[in-house]
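Reviewing the structure listed below.
The values are calculated or read from the model by the stated rules, or taken from the named source; none is laboratory data. Small disclaimer: the values here were computed from a predicted structure and weren't measured. A quick note on method: Cβ atoms are made from the backbone with ideal geometry, for glycine too, and the neighbour counts reach across all protein chains shown.
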C-alpha cells in the first residue's frame, strides 16, 4: 500500500522530457467504465442513540469533460528542447534522484524519463547533443509559459508546438530547481491562456491532466485528487497534489485542471515500478506555482526568506521527554551563528509552534512558511522553551543558494578504541574535544534504531553538557532514577546537530 511508503525518504521519478524517437508497437487498451454499485437500504438500528450509517449519495461527476477540454486545450503546448553538451553518467540517480543501492526494491522505480542517458552496454560517460520533449501551458496572452525546470535543464534551444500545430521559438526567463519550475516566453502575442485556481482542490475532486505523453501531444486524462500536501523528498518545499489521472513520460510541465478549467497543479513526477503510469502522480500545487512564477517573471530568479536554523521533527519520544502535549512544531537543533534566528534569541531546544499566528505542523511546514514570507520581513515566532510558551520577533534574511531550512545528517568519523561501554544500551563511547564520541553502536540496539551512529558526538544529555562517557552514563542513570523512560540528547553529526530521545534502559 502506498500509505506505507515513507514519502520523506523517497524522491519520485520525474516525468521528464521524453526523448524524441519513433513510437512503434504501442498497444492501446479500451478504457474501463466504472460501475456504480446500488446501495442497499439499511435497517433501523436498535439503539436510537448509536450513530447512524452515512447515507449513500447519488454518483457525482460530469457526464463529459469535452466542453472543459475544448476551452483549455488550446493553451497547452508541447515543449521541445535541444540539450547541448550533456554528459551521461553511470549513476541512474545522478540527476537528483534517490541514491538507492542496487539491491533495493526501489532502485529501478525512480528515473528521469527521456533525459540523455546511455544505452545498455555503454560504459564510459560521453558528451553529446540530443532532443527532448515535455509539456507546458500559456498563462498570459503575451506568451509566458509554465513548465518544469527538469524539462528545460541544460537547454540550448527551446521551441513550443501549439495545439494548432504552430512551432514557436521560446526562451527561458528563469528556473527554480527547488520547486522544479521554469518560466518560458514564446515569441508572438494573442496566445490562448489559462488561469490558476483561487482555491486548492479538495481530496476527491475531479481533475483533468492535459499534456504530451510519449510525444503524442494534446492528450487528455482524468481522475481525482487522491491526497494533498505530499512530501515526496524531491526538495525542501515539497507541497504536491497526489492525483490518479494517468500521466506518463512527457507529461512533465503540463497542467492539471479542476472541473472549472482552472489550473490546480503542474504535473511533475510519478511513482512507478514499471516506468509507466500506475495511477499515482504528483503535481506542484498552484499556490506554490503562482508565487514562484511571479518572482521568475519579475526577477528571473526566486528569493526566499531564511532564519538560519537546523530543525527536526518532534517525535513522540521527544515530545514525552520535553513535556509537550503533541508532536506538532519544529524542534530547533541549532541556530546557526550570526543568523537571523540567533540574533533574535532562538536557541537549541526551542520548539517553533507558529509563525505570525499560523500553526507550524512540522519542519517542512516551517520551511515553506518562512520561505514564502521573503527576505527583510519581520515574523513573529511562537516557541516553547523549557516547557514555557513565548514569542520572538525575527527579521528574515535571504536564503543562500546552497541552504535549506532543514537539518542534515552527515557523519563524523572516530577511530580510537578501548572506550568505556554502556553495554546495556549497546554503546561504546570515548572522550572527544567537543563532547562524547560514539565509537560503536550495536546495530540491533534501540540506540541504533533511534538514529545514533558511529562517529556522532553527544553534546548534551538531559540538558547538561557532557564531555566524558561517565557523564553520559550518569545523566542516563539520573533520568532513570527520576522515573523517565527516555532522556533527550543533543547530537552532532558531521556539521549538523539534532536531538534524539534515547531510552534509559535497554528494551
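General remarks:
- Considering residues of the stretch 265-290 that are at pLDDT 90 or above and touching a helix residue (DSSP H, G or I) at 6+ places or on another chain (Cβ under 7 Å) only, the residue farthest from residue 201 (Cα to Cα): 266
- Among the residues making up the stretch 201-222, those that are over 22 Å from the mean Cα position of the chain (by Cα) and in a strand (DSSP E or B) are 206, 208, 210, 211, 219, 220, 221, 222.
- Selection status of residue 129, closer than 26 Å to residue 261 by Cα, at pLDDT below 95 and either in a strand (DSSP E or B) or not assigned by TED's automatic domain parsing to the domain that holds residue 282 (or both): no
- Selection from the stretch 367-385 of residues that are at positive phi and either buried (at least 17 other Cβ atoms within 10 Å of the Cβ) or modelled with pLDDT of 95 or more (or both): 374
- For the criterion of being over 20 Å from residue 151 (Cα atoms), in a loop (DSSP other than H, G, I, E, B) and at pLDDT 90 or above, residue 198 passes.
- Scope the stretch 448-486; condition more than 21 Å from residue 310 (Cβ to Cβ), in contact (Cβ under 8 Å) with a residue 40 or more places away in the chain and crowded, with 20+ Cβ neighbours inside 10 Å; matching residues: 469, 472, 473, 476, 486
- Taken over the stretch 462-507, residues that are part of a loop (DSSP other than H, G, I, E, B), over 15 Å from residue 448 (Cα atoms) and at pLDDT below 85 amount to 10.
- Lone unmet requirement of (1) surrounded by 14 or more Cβ atoms within 10 Å (Cβ to Cβ); (2) outside any strand (DSSP E or B); (3) touching a helix residue (DSSP H, G or I) at 6+ places or on another chain (Cβ under 9 Å); (4) at pLDDT 90 or above for residue 72: (3)
- Some residue of the stretch 152-169 being out of contact with any strand residue (DSSP E or B) (no Cβ under 7 Å at 6 or more places or on another chain) and either under 20 Å from residue 262 (Cβ atoms) or not in a loop (DSSP other than H, G, I, E, B) (or both): no
- Residue match in the stretch 281-299 (condition: on the phi < 0 side of the Ramachandran plot and in a loop (DSSP other than H, G, I, E, B)): no
- Per-region count, the stretch 315-331, residues under 22 Å from the mean Cα position of the chain (by Cα) and either assigned to a loop (DSSP other than H, G, I, E, B) or in contact (Cβ under 8 Å) with a residue 40 or more places away in the chain (or both): 5
- Within the stretch 337-351, the set of residues being within 14 Å of residue 498 (Cβ to Cβ) and part of a loop (DSSP other than H, G, I, E, B) comprises 348, 349, 350.
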